[in-house]
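Below: the structure, in structure tokens.
The values are calculated or read from the model by the stated rules, or taken from the named source; none is laboratory data. Just so you know, these numbers come straight off a predicted model, no measurement behind them. Here the Cβ is made from the backbone with ideal geometry for all residues, glycine too, and neighbour counts use every protein chain on show.
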Amino acid sequence: MLKKPKPEKRFYRRWGKRQGFKAFEIISGESDILISIPENCYSEELKQQLLNSLISLREQILSFSSKNKEFLTSLSPVEVPPFSPAIVNYMAESAKKIGVGPMAGVAGAINFFLAEILKEKGIEEFFIENGGDTFFSSKSPITIGVITGNPNVDGKIGIKLKPGTWSVCSSSSKIGHSLSLGKTQLVTVVAKDPATADCAATLLANSRSSQEILKLFESIKGKISGFLSYINNNFIVYGLELTAVKTR
């Protein structure tokens with residue numbers, strides 16, 4: 001939701017530094033976003049444009065939901081008027097595809113529209129992280145670390161992805177402020193589309209058992225590239241390559 005949560009320590013950001021890239025943050029309300037792009041592409045003007053876009057996107061969502069309250073509160077898909085703001089339509093369509101409420105995809109949707117600005121500037125490689133939900137384009141393989149809340153695991157394994165454009169989104173009933181109805185310690189979803197990945201992570205994280213996760217996955221199979229779940233101290237991995245990592 002777009003209400004201000006309790007402050008979170010984003011300790012994982014210190015692990016993501018990449019040589020030759022400039023990392024910076026833009027913040028509006030609860031949206032605290034890290035963006036990393038090649039150093040020669042960075043400018044204060046671009047940072048301000050991205051911040052202005054973030055503020056505008058949030059205002060569009062809040063303005064629409066003030067008149068359409070179910071958009072903000074529904075746990076299932078909702079129909080929106082065809083001439084709604086682009087981000088509202090995008091969230092609604094992504095939620096319908098997966099079978100959750102539209103706010104389940106808000107972080108992924110914001111990431112998508114910020115990435116559109118970078119692409120319009122000709123920036124081919126970027127990394128956007130919004131509350132642990134990421135959207136990035138890389139010309140080289142990239143590894144995303146997995147945070148489960150278990151100190152014996154955290155910072156030691158990661159998801160290895162091929163060059164390309166990917167979204168990696170997570171949801172948990174134990175970590176973070178987002179609403180979750182399940183008992184999962186972590187669900188991480190990989191997909192090409194960021195709002196779809198965000199919605200799918202929410203859906204799978206609502207599970208209370210490994211069997212339920214697998215059943216829900218069958219309903220969205222083909223809409224995501226793969227997922228990892230950690231529930232009752234057991235891992236389930238589908239369609240992803242895991243690798244050992246060493247955090248700094």
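Here is how the numbers come out for the structure above:
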read-out	value
Test for K96: is it more than 21 Å from I35 (Cα to Cα) and over 15 Å from the mean Cα position of the chain (by Cα)	yes
Lone qualifier among A109, A92, A104, A115 - being in contact with a Cys (Cβ under 7 Å, 6 or more places away or on another chain) and either part of a helix (DSSP H, G or I) or aliphatic (A, V, I, L, M) (or both)	A104
Tally of residues being in a loop (DSSP other than H, G, I, E, B) and among the hydroxyl-bearing types (S, T, Y) across the range 195-226	3
Matching residues in the range 227-248 - criterion: being out of contact with any helix residue (DSSP H, G or I) (no Cβ under 9 Å at 6 or more places or on another chain), part of a strand (DSSP E or B) and surrounded by 17 or more Cβ atoms within 10 Å (Cβ to Cβ)	L228, Y230
Residue tally, condition surrounded by fewer than 16 Cβ atoms within 10 Å (Cβ to Cβ) and among the hydroxyl-bearing types (S, T, Y), over the range 28-77	6
Matching entry among A107, A92 (being over 30 Å from Q19 (Cβ atoms) and aliphatic (A, V, I, L, M))	A92
Residues satisfying the stated conditions in the range 122-153, i.e. surrounded by 16 or more Cβ atoms within 10 Å (Cβ to Cβ), out of contact with any helix residue (DSSP H, G or I) (no Cβ under 9 Å at 6 or more places or on another chain) and not in a strand (DSSP E or B)	V146, T148, V153
Of all residues making up the range 73-86, the number that are in a helix (DSSP H, G or I) and either under 15 Å from I220 (Cα atoms) or in contact with a Lys or Arg (Cβ under 9 Å, 6 or more places away or on another chain) (or both)	0
Residues located in the range 212-226, provided they are among the polar types (S, T, N, Q), surrounded by 16 or more Cβ atoms within 10 Å (Cβ to Cβ) and out of contact with any strand residue (DSSP E or B) (no Cβ under 6 Å at 6 or more places or on another chain)	none
Some residue of the range 193-211 being out of contact with any strand residue (DSSP E or B) (no Cβ under 9 Å at 6 or more places or on another chain) and surrounded by fewer than 24 Cβ atoms within 10 Å (Cβ to Cβ)	yes
Residue list for the range 217-241, restricted to those being of a type in the set (A, V, I, L, M, F, W, C) and over 19 Å from the mean Cα position of the chain (by Cα)	I231, F235, I236
Count - residues of the range 4-47 that are in a helix (DSSP H, G or I) and either modelled with pLDDT under 95 or closer than 24 Å to Y90 by Cβ (or both)	7
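Results for (1) at pLDDT below 95; (2) in contact with a Gly (Cβ under 9 Å, 6 or more places away or on another chain), shown as yes or no for each residue.
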{"residue": "K119", "(1), (2)": "no, no"}
{"residue": "I123", "(1), (2)": "no, no"}
{"residue": "F127", "(1), (2)": "no, yes"}
{"residue": "F135", "(1), (2)": "no, yes"}
{"residue": "G149", "(1), (2)": "yes, no"}
{"residue": "S170", "(1), (2)": "yes, yes"}
{"residue": "G182", "(1), (2)": "yes, no"}
{"residue": "A201", "(1), (2)": "no, yes"}
{"residue": "S207", "(1), (2)": "yes, yes"}
